[in-house]
Amino acid sequence: MSYYIAQNQGGVLPLTYPFEVPLTGNLTLGFSGSCWASLPGAICGVAVYLDDKHIGDVPLFFNNANQHLALPTFFFPIRLGPGQHAITLRAITDTTRTDQNDYFSLWIVD
């Protein structure tokens, strides 16, 4: 079963999504999204944090600047306890850009 945290939510990084799911223990967090590079030949992407703890990055090499590209879909192993949690998305480099035309989805897979 899957539980959506965010579904095609657009915006400028950093973004934080609070959530609570009826699951605890070892789970999988799914991520998809997009961004663009301010300079050509740059590695850009999104860093993913669970409750302010870095769980991984979703990088992509950009040949061109100012072109929105979909990041690869990533799955992160996570461990959830009961209660409220939050996922925060941040840029991994100074050249990573997002705007209202970039969308993010996050989901928990049981």
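What follows is calculated from the coordinates using simple rules that are stated; it is not laboratory data. Being a predicted model, the structure only gives us computed values, none of them experimental. With ideal geometry, Cβ positions are generated from the backbone for all residues, glycine too; neighbour counts draw on all protein chains shown.
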- Message: What whole-number volume per residue, in cubic angstrom, does the convex hull of the C-alpha atoms of region 54-110 give?
- Response: 114
- Take each of the peptides 2-10, 79-87, average the number of other beta-carbon atoms within 10 Å over its residues, and list them starting from the highest. 2-10, 79-87
- For region 2-109, fraction of C-alpha pairs farther apart than 21 Å, in %: 31
